[in-house]
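K.L.:
Below is the structure I would like to discuss, written out as structure tokens.
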Amino acid sequence: MYKKFLDMLEKYLSPIAAMVSRNYILMAIKDAFILSMPFTVVGSLTGLVKSQGDFWFAKWGVSLDGVLGKILNIFGNVNVVAMGLVGVIIVLSSSYYYAEHLSKDNSDVMPITASIIAFVTYFVTIPDKITIGSESASAYTINFFNYEAMFTALIVGLVTTYLYAKFIKSKFTIKLPDSVPPMVFNSFKAIIPFSGVLLIFSTLRVVVESFGFESIQKLIAQFIVTPLSNVGTGLPAVIIVILIMQLLWFFGIHGFSIMWGLISVIWMPIFMKDIDIYMKTGSLETITHVAPNTLSNVYAMIGGSGSTLALVVLMLIMAPKESAERAVGKVALIPGLFGINEPVTFGLPIVLNPIMFIPFVIVPIINAVIAYFAISSGLVTPLVVLNSGAEPVFLNVLVLAAFRWSPVILYALLFILDMFLYAPFLSLQLKQNKTQENA
């Protein structure tokens, strides 16, 4: 019965995972959001320094008119730029990576050209006037470049690159003799695609505005982003994503890489909004929802996919001293403290191991459910910092929580719970391994 279940999962999941991993668009989305992470991490951490400095210096009565204030302003400037331009980064990176994949099928597609076209095209879609009272001025507002613009930026980046590639492949290009230098040849070859893409999006902007919408961004937010956010960011959606990720990992397929390309465009702006609220107000009271990525990536996965840090510690406690399981535990402990769990996933192994299947899939879901209700009830403060994850797991959570202790306490309690949940299955695994060894 169990083998039939595994065969069924492998039959249907493996082809889907392979299809997703070969899809140029999904891979470009994943790569673009991964590339944007250093910028958002730097912006989040510098914002944390600025907000903490403002809070504590005000509490201690320290004046910010002098050198200390200027130092804090240095961090604040970096925060404004790094977080405020994340939409632009998505335009550039998504178009570049998509063009890079398309160039495998057509060598005339130039990623850098596609990226520049997408960047300029995005500005064509943005209203370039703001009105204050009865006065108007030529200017752009920041919400067209920050986390609010990420979804539209992604669409513009992908669509412009697709159109550019189609123009390059068509007959509508400028022909030059082979003696022309490559740089000049590529520049002239991009003239018609560049003009065509700009005219298409400029026309689209005029049509959208003629129907009474302020911008293409507002249209997309109303009819695409809001409905997706309503159905794809709650606890049921998080559970489904975790379930699929763990099932893929069970068959040795990198579940995070597959799923992140699908969900990052919906989940990351929500978390960045929380970060922005905290940086501007210094308060957590106005953050009323639970960011889905913090459930799936932090609380559900303590020590890596499957929340396996608890399993690694149990292996060091329960496994005999000279056993292979204890040796794997020793190797996996340090990486596990930093969220890397391939040593235990493939070393125990967990992959295609029927005994470890249930805890590997269920434990992260239980963690996510408990964390959701703990945060939504107000017992635990939300996470409001995005960092590199370079710190050990518990210190990492302390930084993510802007140095508030309730998330760390929840994290520790979940870790202890995970040990109790994994213990009977590891005991069974050790017993089976011993039996096989004796046989």
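K.L.:
Under the 0.36 nm per residue contour assumption, what length would be gained going from the current alpha-carbon distance of I130 and L352 to full extension?
P.N.:
74.1 nm
K.L.:
Also, I was wondering about something else. Accessible area per residue of segment 23-224 at 1.4 Å probe, in Å²? Intermediate values should be presented prior to the final figure.
P.N.:
Details: 10680 Å² over 202 residues.
Computed with neighbouring chains in place, this is 53 Å² per residue.
K.L.:
Kindly report the accessible area of segment 229-438 per residue (heavy atoms of protein chains, probe 1.4 Å, no ligands, DNA or RNA), in Å².
P.N.:
I get 41 Å² per residue for segment 229-438.
K.L.:
Sticking with this one: Compactness ratio of the chain: Cα Rg over 2.2 N^0.38 Å, N = residue count?
P.N.:
Normalised Rg, Cα atoms only: 1.13.
K.L.:
I need the fraction of alpha carbon pairs in segment 229-438 separated by more than 28 Å, rounded to a whole percent.
P.N.:
27 percent
K.L.:
OK, next. Along segment 111-123, what does the Karplus equation 6.51 cos²θ - 1.76 cosθ + 1.60 (θ = phi - 60°) give for ³J(HN,Hα), rounded to whole Hz, x for Gly and Pro?
P.N.:
For segment 111-123, the Karplus-derived couplings read x, 5, 5, 4, 5, 5, 4, 5, 4, 5, 4, 4, 5 Hz, x marking Gly and Pro.
K.L.:
Please turn the phi angles of segment 344-358 into ³J(HN,Hα) values with the Karplus equation 6.51 cos²θ - 1.76 cosθ + 1.60 (θ = phi - 60°), one per residue in order, whole Hz, x for glycine and proline.
P.N.:
Result, rounded to whole Hz: 7, 4, 9, x, 5, x, 9, 4, 6, 9, x, 5, 8, 4, 5.
K.L.:
Compute the longest continuous run of the chain that contains no exposed trypsin sites (Lys or Arg not before Pro); treat a site as exposed when its DSSP state is not H, G, I, E or B and it has at most 11 other Cβ atoms within 10 Å.
P.N.:
Answer from the scan: 176-320.
K.L.:
Which value in Å is the Kirkwood Rh of segment 23-224 over different Cα pairs?
P.N.:
After inverting the pairwise mean of 1/r, the radius is 19.1 Å.
K.L.:
Starting from the amide H of S305, placed 1.01 Å from N in the peptide plane, find each other amide H under 5 Å away whose residue is 5 or more places distant or on another chain.
P.N.:
N341
K.L.:
Helix-derived [θ] at 222 nm for the chain: sum -39500 (n - 2.57) over DSSP H runs of at least 4, divide by residue count, nearest 500?
P.N.:
Value at 222 nm, helices only, nearest 500: -23000 deg cm²/dmol.
K.L.:
Taking the convex hull of the alpha carbon atoms in segment 303-352, what volume per residue do you get, in Å³?
P.N.:
Residue-normalised Cα hull volume stands at 60 Å³.
K.L.:
In this model, which of K104/K169; K321/K434; K50/K129; K330/K434; K218/K273 are farther than 25 Å apart at the alpha-carbon? Could the numbers behind the result be given before it?
P.N.:
Numbers: K104/K169 13 Å; K321/K434 13 Å; K50/K129 31 Å; K330/K434 19 Å; K218/K273 17 Å.
Going by Cα-Cα distance, K50/K129 fall outside the 25 Å limit.
K.L.:
Within the chain, what whole-number % of the accessible surface is contributed by carbon and sulfur, with the 1.4 Å probe and all protein chains included in the calculation?
P.N.:
The computed percentage sits at 69.
K.L.:
Considering the Cα positions of segment 100-168, please state its Rg to one decimal place and its Dmax as a whole number of Å.
P.N.:
15.4, 53
The values are calculated or read from the model by the stated rules, or taken from the named source; none is laboratory data. Here the structure is a predicted model, which means the values were calculated and not measured. As a convention, Cβ positions derive from the backbone with ideal geometry for all residues, glycine included, and neighbour counts pool all protein chains shown. In case anyone asks, the SASA skips ligands and DNA or RNA and just uses the protein heavy atoms, side chains included. Shrake-Rupley method; radii C 1.70, N 1.55, O 1.52, S 1.80 Å.
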